[in-house]
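A.B. asks: To start, I am sharing the structure in question, which I have written as structure tokens.
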Amino acid sequence: MKVAVIMPELGESIVEGTIVRWLKQEGEAVKEDEPLVEIMTDKVNTELPAPASGILRQVLAPAGATVQVGQELAYIETEVSATAEAPMPQTPAAEAALSEPSTPPPVSAVGFYSGEAEPTPVAPPPAPKPATPPRTDGQTRSGRPFISPVVSKIAQEHGISLEELLSIPGTGTGGRITRKDVEAYLARRAAQPQSAPQPTAPAVAPQPAPAVAPTPTTPAPPREGEEIIPLVGMRKAIAEHLTKSYQTAVHVTTVIQVDVSKLVEFRERNKESFQQQYGVRLTYTPFFVKACADALLEFPMLNATLQDDQIIVRHYVHMGVAVALGEKGEEGLIVPVIRDAHKKSLIEIARELEDLATRARNKTITVADVQGATFTLTNPGSYGALIGTPIINYPQTAILGTYAIVKQPVVINDMIAIRPMMYLCLSYDHRIIDGMYAGRFLQRIKRAIEEFEFFR
């Protein structure tokens, strides 16, 4: 028999991933639970184990392909299947039949796996069709765009037929039809005169795109002194995630300046004894995490998520902290989570931060480590950045950027003094957060740092 390798659900909110590389090639033997393929999501890299022992007979999604949860990635031919099929003549028809799964999964009315067994047909099977090459553009092997369960449910609730659904232009990856595409289509359909007969809808909406759209061309070769680097793997996942965030949220950034004299003095005086006593380096980041977590309890709207027409407000803080991935930080940023940060002491936060940073450098961060953040803190000041406008980590509502500490002349009691100063930059979704609310939140953090409230 042939066993399908299926793209699994790798975590909450993960609906797709990118094939980084196959650890086995077609024709090679594989063992059950042996690492088979490396998959990149917008969270982490993970190795998918083989579901059965046998021969990797057919790879349906090559390296670089974007695949959806539930999509077939490859077929493994078990030893029983190889023995049973050995005496069969290798005619072209037989080879074409072998390229298709012996028992295809049932498909619902809108093209995704329904999970219900279908009755075995009594009539003899039709003549085998030529094998369909694997798709890398977000479509199923039948050539139809992949339809997610959410889109399927909406279509069924509004009586949208499969033909009508497939006529909707998709804006998702590889032309995939998204929930927003269907909702926009329903809004347009509702605005049309009801007297128009519905069956003629496909005829009213011609599809001139294939004739008008320019034929994809091969990219021009690099000129002298240029280098072409494919946008793949984590960098591609980051690009897609941040683009979605910027297109979804209404970004606004508010900036405040903070005098960190007491914080700098405390760290300089205690960093050596702190490491000796607690076994962890004392950096500025734990103080920022602690001040931010305490402030979020007082300003919970910044710890919320806008979902459809509802605002989900959380009265707990799972703090995502951006850290560099790889030994030298050259492989991008990842956002592991300090859970229940509002309940933890400064020492506990410092220990957890160092553990997460170490595992990020060693690339041993797991999917569970990067899930569930309700707010994100990023620290560009660690590499000297003075000010910036961080992008919200969708679907969160806000992100706080902490920037470099620099000595500056400031006016105190009408006299000029030299103080270590820094900027805090808060980017937030203006759809649910007003400027005054954001400003008060920043003032709360400023007070905690300037008055050094961490040990009270």
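The values are calculated or read from the model by the stated rules, or taken from the named source; none is laboratory data. Computed from a predicted model, the values in this text were never measured in an experiment. Ideal geometry is used to build each Cβ from the backbone, glycine not excepted, and the neighbour counts take in all protein chains shown.
A.B. asks: Hand me the list of helices (runs of 4 or more DSSP H) wholly inside the stretch 208-285 holding 2 or more residues that are modelled with pLDDT under 75, surrounded by fewer than 15 Cβ atoms within 10 Å (Cβ to Cβ) and among the charged types (D, E, K, R).
C.D. replies: Ranges flagged: none.
A.B. asks: Another question, if that's okay. Test of understanding: among 317, 289, which residue is modelled with pLDDT of 95 or more and over 28 Å from residue 406 (Cα atoms)?
C.D. replies: On inspection, the qualifying residue turns out to be 317.
A.B. asks: Hey, could you check the stretch 372-407 for residues that are more than 24 Å from residue 280 (Cα to Cα) and of a type in the set (Ser, Thr, Tyr) and say which is surrounded by the fewest Cβ atoms within 10 Å (Cβ to Cβ)?
C.D. replies: This residue is 389.
A.B. asks: Just checking, which of 196, 203, 187 is more than 25 Å from residue 17 (Cβ to Cβ), hydrophobic (A, V, I, L, M, F, W, C), modelled with pLDDT under 50 and not in a loop (DSSP other than H, G, I, E, B)?
C.D. replies: Of the residues listed, the single one that is more than 25 Å from residue 17 (Cβ to Cβ), hydrophobic (A, V, I, L, M, F, W, C), modelled with pLDDT under 50 and not in a loop (DSSP other than H, G, I, E, B) is 203.
A.B. asks: Further question: Looking at the stretch 352-399, which of the residues that are within 14 Å of the chain's Cα centre (by Cα), part of a loop (DSSP other than H, G, I, E, B) and aliphatic (A, V, I, L, M) is farthest from residue 312 (Cα to Cα)?
C.D. replies: That would be 367.
A.B. asks: Could you list all residues from the stretch 389-434 that are under 21 Å from residue 374 (Cα atoms), among the small types (Gly, Ala, Ser) and in contact with a Phe, Trp or Tyr (Cβ under 9 Å, 6 or more places away or on another chain)?
C.D. replies: 398, 401 - these are the residues of the stretch 389-434 that are under 21 Å from residue 374 (Cα atoms), among the small types (Gly, Ala, Ser) and in contact with a Phe, Trp or Tyr (Cβ under 9 Å, 6 or more places away or on another chain).
A.B. asks: Also, I was wondering about something else. Here are some residues: 369, 429, 434. Which one is of a type in the set (D, E, K, R) and surrounded by fewer than 19 Cβ atoms within 10 Å (Cβ to Cβ)?
C.D. replies: Only one candidate passes the filter, namely 434.
A.B. asks: Follow-up. Only residues that are of a type outside the set (Gly, Ala, Ser), modelled with pLDDT of 90 or more and either outside the structural domain of residue 77 (by TED's automatic domain parsing) or part of a strand (DSSP E or B) (or both): list them for the stretch 9-29, please.
C.D. replies: Correct list: 22 only.
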